[in-house]
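A short write-up of the structure that comes next.
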Amino acid sequence: MWFQGFQKHARGRERGRDLDVYRLNQVAQFDPIEPPYPQDLSKRRVIEFAYLPHDEVLIMASMDGQYPCWVSRTGVHDIGTNTAIADAILFDDFSTFASLHPRLGALTEDRYRRRFYLSGTDIKTPFDYGFSSEPDQVKYWGQHVARGISGHYLRIRELCTYRELDGQYLGFLKAYLAMLQTRSGDAVRDYEDKRNLIGLLTDEDYLYVSDDEAIRSTYVRIRHEIGDLYNSYMTIVR
């Protein structure tokens, strides 16, 4: 079992700190539910983070992304606290689970979101580097998660500044939005003709954290339009 095999290598913190960090877990406030299938956290875990306004981050943990057992909201650059949170959700056990909808879904909607996947002895990260699974390195995974979340935030904020420069990109976004809003009456054709544009714009989800309200709000409208195109397309082809 993954949990039993790695837990003994992960403990680099005092138990008092473990207990203290649990006060940050707000999962019980988000529609507690009895999942319809077993939640075996010893085999697989998913850690999701979403960047919120004012340099905050929402961190969630679950077995498969469906029923969170951890929900916390902290400063994105609070490495100490986020390391303790990551240690807990990587290696501890949980028995209370929440529904993703409607309250959690509303909180994470229109956010920049990424996931870590843990399975067996591997951890897959959303960054351009991985974590070592050597036993003497596992205890640093929590710190790597916290620093990765912080560093990645700085990176995508920098990407935003390039788009915000002189306000010129806002005009492109508005033009892209107008293109997405054009409909022929054929939902399949509408989606397939815009597939490349949709791919281009989907890759720019870092704009969710832009300080430019006009850019951010226009991008949110673009993503909603993409969602409408996709849903109309799937209604026909599925």
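Throughout, read-outs are computed from the coordinates displayed, never taken from laboratory work. Values in this document were obtained by computation on a predicted structure and should not be read as measured data. A quick note on method: Cβ atoms are made from the backbone with ideal geometry, for glycine too, and the neighbour counts reach across all protein chains shown.
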Which parts of the stretch 73-91 would a label at L154 reach, counting a residue when its backbone N lies under 18 Å from a point 7 Å out along Cα-to-Cβ?
-> 75-83
Relative contact order in percent for the stretch 120-238 (Cα pairs under 8 Å, 6+ apart) equals 27
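Expected output is a single nm value to one decimal: the length gained when fully extending between R115 and Q29, i.e. 0.36 nm times separation in residues minus the C-alpha distance. What is it? Spell out each step's value before the answer.
Working: separation 86, 0.36 × 86 = 30.96 nm, distance 2.21 nm.
So the chain would gain 28.7 nm between R115 and Q29.
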Row for the stretch 42-161, column shape: gyration tensor on C-alpha, a ≥ b ≥ c, rounded if a/c < 1.5 i.e. under 1.5, prolate if a/b over b/c, else oblate; value oblate
Say R0 is 25 Å: what FRET efficiency, to the nearest 0.05, do Q181 and T161 get from their beta-carbon distance?
-> 0.35
Sorted by packing (mean other beta-carbon atoms within 10 Å per residue), highest first, where do 81-87, 187-193 land?
-> 81-87, 187-193
25 °C / 0.890 mPa s Stokes-Einstein diffusion coefficient of the chain, Kirkwood radius on C-alpha pairs, µm²/s = 125
Note down the net charge around L165, summing +1 for each Lys or Arg and -1 for each Asp or Glu among other residues with Cβ under 13 Å from its Cβ.
-> -4
Of A28, A106, A50, the most mobile residue in a GNM of the chain (C-alpha springs, cutoff 10 Å) is A106
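Under 12 Å from the Cβ of L207, count the other residues' Cβ atoms, weight Lys and Arg +1, Asp and Glu -1, and hand me the total.
Working: positive: R111, R157, R163, R216, R221, R223; negative: D110, E164, D203, E204, D205, D211, D212, E213.
Every neighbour counted, the sum reads -2.
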Spin-label zone in the stretch 176-208 - amide nitrogen under 20 Å from a point set 7 Å from the Cα of M234 along the C-beta vector = 180-181, 186-205
Taking H as built 1.01 Å from N, whose amide H comes closer than 5 Å to the amide H of L52, not counting residues under 5 places away?
-> V57, L58
Once the Cβ-Cβ distance between D55 and S217 is put in as r, and R0 is 25 Å, what FRET efficiency do you end up with, to the nearest 0.05?
-> 0.85
Under Karplus coefficients 6.51, -1.76 and 1.60, residue-wise ³J(HN,Hα) of the stretch 25-34 in Hz, glycine/proline x = 6, 9, 4, 5, 8, 10, 6, x, 8, 8
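List nothing, just return the count: lysine pairs in the chain, 8 or more apart or interchain, with Cα separation under 24 Å. Before the final figure, lay out each step's value.
Numbers: K8/K43; K8/K124; K8/K139; K43/K124; K43/K139; K124/K139; K174/K194.
Step by step, the pairs that qualify in the chain add up to 7.
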May I ask you to derive the relative contact order of the chain, considering only C-alpha pairs under 8 Å and at least 6 residues apart, and to give it as an integer percent?
-> 20
What is the Rg over Rh value, at two decimals, for the stretch 117-238, using alpha-carbon atoms and the Kirkwood definition of Rh?
-> 1.11
